[in-house]
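What follows is a single structure, written as structure tokens, with notes after it.
Here, each number is a calculation from the coordinates, and none is a lab measurement. Given the structure is predicted, the values throughout are model-derived calculations rather than measurements. Neighbour counts run over all protein chains shown; Cβ positions are idealised from the backbone, glycine included.
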Amino acid sequence: MRLWTLHPRHLDPQGLVALWREGLLAQAVLAGRTRGYTHHPQLQRFAAHATPLDALGAYLSAVQAEAQSRGYRFDAAKIDRPGARVAPITATHGQLAHEWQHLGQKLAARNPDWHAHWVAAAQPSAHPLFTPVAGGIEPWERV
């Protein structure tokens with residue numbers, strides 16, 4: 001499971017679809033609808049939020065909006081709490097840099113055309129739910 005801190009605009013089509021599916025899985029885990037993945041490190045920052053399902057709803061809403069801007073039809077009805085207004089989650093610059101490098105490696109291998117788009121972006125931007133702050137890679141990240 002990878003719930004990117006990066007803005008979904010940086011993801012290629014395969015990555016965006018995977019993020020949507022993994023976000024829906026994360027939502028099911030936090031809502032108690034599945035027994036798997038309950039201790040997955042990617043969920044820690046959502047589980048620690050004052051309103052975890054609202055935070056995940058805000059996260060998925062931004063993913064769905066990016067998909068819609070590309071002409072994809074991600075079903076917004078699958079979001080338990082769409083467009084919830086929640087306090088942002090902090091994310092370190094180190095985490096963003098780590099994910100940026102990780103994404104670059106993935107794109108170079110699976111989608112060279114999108115990799116060129118990624119290179120042109122030059123710098124990562126965060127998903128709208130996250131506010132970048134100083135710091136290294138997050139403790140929950142598996143390096």
Filtering trypsin sites (Lys or Arg not before Pro) in the range 103-143 by DSSP loop and by at most 15 other Cβ atoms within 10 Å leaves R142
For the range 1-100, averaging the sequence separation of alpha carbon pairs under 8 Å that lie six or more residues apart and dividing by its residue count, the contact order in percent is 32 percent
In whole Hz, the Karplus estimates of ³J(HN,Hα) for the range 16-32 (6.51, -1.76, 1.60; θ = phi - 60°; x where Gly or Pro) are 5, 5, 5, 4, 4, 5, 6, x, 5, 5, 4, 4, 5, 5, 5, 7, x
For the pair R9 and A122, the simple spin-label estimate (label points 7 Å beyond Cα toward Cβ) gives in nm 1.5 nm
Length gained, V143-T34, 0.36 nm per residue minus C-alpha separation, equals 36.6 nm
By the C-alpha gyration tensor axes a ≥ b ≥ c (rounded if a/c is under 1.5, else prolate when a/b exceeds b/c, else oblate), the shape of the range 68-143 is oblate
Heads up, the range 1-73 by the C-alpha gyration tensor (a ≥ b ≥ c square roots of eigenvalues; a/c under 1.5 rounded, else a/b over b/c prolate, else oblate) looks prolate
With DSSP loop assignment and no more than 10 other C-beta atoms within 10 Å, the chymotrypsin sites (Phe, Trp or Tyr not before Pro) in the range 17-114 are none
Expressed in angstrom and rounded, the centroid-to-centroid distance over alpha carbons for the range 1-20 and the range 48-119 is 5 Å
Farthest towards the positive end of the dipole of the chain, among G57, G32, W4 and with Cβ unit charges of +1 on Lys and Arg and -1 on Asp and Glu, lies the Cα of G32
Debye calc, one equal point scatterer per Cα of the chain, no solvent, log10 I(q)/I(0) at q = 0.17, 0.21 1/Å comes to -0.96, -1.45
Amide H proximity to T90 below 5 Å, modelled H, separation 5+ or other chain, gives T131
